[in-house]
1. Going by the alpha-carbon gyration tensor, a ≥ b ≥ c the square roots of its eigenvalues, is the protein assembly as shown rounded (a/c under 1.5) or, if a/c is not under 1.5, prolate (a/b greater than b/c) versus oblate?
2. Give the relative contact order (percent, whole number) for chain A; include only Cα pairs under 8 Å separated by 6+ residues.
3. Looking at region B:1-74, which GluC sites (Glu not before Pro) are DSSP coil and have at most 16 other C-beta atoms within 10 Å of their C-beta?
4. If you take every residue apart from A:GLY116 with its C-beta less than 14 Å away from the C-beta of A:GLY116, what net charge results, scoring Lys and Arg +1 and Asp and Glu -1?
5. Using the charge dipole of the protein assembly as shown (Lys, Arg: +1 at Cβ; Asp, Glu: -1 at Cβ; taken about the Cα centre), state which of A:LEU71, B:GLY80, B:TYR133 has its Cα farthest towards the positive end.
6. Relative to the longest principal axis of the C-alpha atoms of chain A, give the angle of the C-alpha long axis of helix A:6-23, reported between 0 and 90° and rounded to the nearest 10°.
7. Please report, in debye to the nearest 20, how large the charge dipole of region B:93-159 is about its Cα centre when each Lys and Arg carries +1 at its beta carbon and each Asp and Glu carries -1 there.
8. Suppose every K and R has +1 on its Cβ and every D and E has -1 on its Cβ; what is the size of the dipole of chain B about the Cα centre, in Debye to the nearest 20?
2 protein chains.
Amino acid sequence: MRRKDDGKRDSIKKAVVQVILEQGMHAASVSKIAKAAGVSPATVYVYYESKDDMLRDIYIEYAENIYKVLLNHLSIDMPGDIFIDRFVREYYQYIIEYEEVFHFVEQFGGCPLSHGCHILKGPERLNDILMQYQRLGVLNNYDIKNIWAMLLYPVKAVVKDSKNSESTSQKQLDEMIMIIQKALLK
Amino acid sequence: MRRKDDGKRDSIKKAVVQVILEQGMHAASVSKIAKAAGVSPATVYVYYESKDDMLRDIYIEYAENIYKVLLNHLSIDMPGDIFIDRFVREYYQYIIEYEEVFHFVEQFGGCPLSHGCHILKGPERLNDILMQYQRLGVLNNYDIKNIWAMLLYPVKAVVKDSKNSESTSQKQLDEMIMIIQKALLK
DNA sequence: CTTGACAATAAACGAATGTTCATTTAATAT
DNA sequence: ATATTAAATGAACATTCGTTTATTGTCAAG
């Protein structure tokens, strides 16, 4: 039996996020995606049941990704301030480096097609680390959702600013990290 | 000569944000929007040159809106902690109350069609107030963009959480306000 | 080798897309 | 009253949409 070409599935995945970044969700048709992937539109339906299914699948695959990246660079052994510094910097770098992926996840996440795709914000392991820092008296005992909010959301603003102003964004990120540290550390 | 029916322009505007909230950007066609507005598809082109133009126009009209609302409830006379409390609560309430508008602005803002629609984040007057609080030694002298980031972005996370958990969101918002106050006030 | 299973595609599908146009409707000015 | 103007629209435009089908190509098991 002939085997499915994993490279082809990957091409399609990459084409999806690329086309959506360049043209927007409303213009990301199966044909355009297929062309960008170097594949026939019909081939898409070998790998996915429908367009909606494809978007949902890719969303789920990518949405958890950032947490794995963060986990690879973080551990409970770090002092609290270093932990926050690393956390925020890694998240910032991820957004910059995987711009297409991040944009797709943000865009698709706020669209009715994604309702039902339940993505846990901050998977178990990372959540545990945060709560352990709280038990150790390093992090303030805020609602864990608020901890997540402070660690993730302000950085998005810094990224957006960096796309408009270009040069001063490094200093802005450094300052933001300090603000977050002051807010979360005991 | 027959006059333009301003109610019709408004119907279209409302239909745009409503359809996009319910069906997503990629499914918001001119026909669906027209139907939701109780209008012929051709009528849309009496008021707007093209679909893209329509979306851009409505985006610009709505994007500045939140800042006007905030200005109406804020003044330099308040103590710093009250100012932040009001600011964040008004923003939160705006997102909840005008869910469709907020969703449309967020969604369209992250789509290539909006590149070029220059929306100033935080119009002059509100920016002045923030900087005056800094000169008065009430707010920390952080980059004004970081002040904006802290005032706007974490609240978005709280709203998202509130859509999943329902009940505990009031306490979460109260706590978030305290965190922001501690972070920004001297 | 042969054969069978499945990947891959070109071609075609009806439905829907954004937009235009000829026409009708209704408000104003004469 | 009536002519004038532009709003409003239904019907049609070419194009593109997402998807299916029929056919071909290719690899792995027997």
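The values are calculated or read from the model by the stated rules, or taken from the named source; none is laboratory data. Because the structure is predicted, anything quoted here is derived from the model rather than measured. Note that each Cβ is placed from the backbone with ideal geometry, even for glycine, and that neighbours are counted across all protein chains shown. Please note that ligands, DNA and RNA were not included when accessible areas were found on the heavy atoms of the full protein model with its side chains. Shrake-Rupley method; radii C 1.70, N 1.55, O 1.52, S 1.80 Å.
1. Numbers: a/c = 2.03, a/b = 1.15, b/c = 1.76.
Note, shape of the protein assembly as shown comes out oblate.
2. Values: 141 pairs, mean separation 41.1, N = 186.
Result for chain A is 22 percent.
3. Working: sites: B:GLU22, B:GLU49, B:GLU61, B:GLU64; in loops: B:GLU49, B:GLU64.
Of the GluC sites (Glu not before Pro), the ones in loops of region B:1-74 whose Cβ has at most 16 other Cβ atoms within 10 Å are B:GLU49, B:GLU64.
4. Details: positive: A:ARG56, B:LYS163; negative: A:ASP52, A:ASP53, A:ASP57.
Every neighbour counted, the sum reads -1.
5. A:LEU71
6. Taking the Cα atoms of chain A, the angle to A:6-23 is about 70 degrees.
7. Details: 5 positive and 7 negative charges, 58 e Å.
Using Cβ point charges on Lys, Arg, Asp and Glu, region B:93-159 gives about 280 debye.
8. Roughly 300 debye, rounded to the nearest 20.
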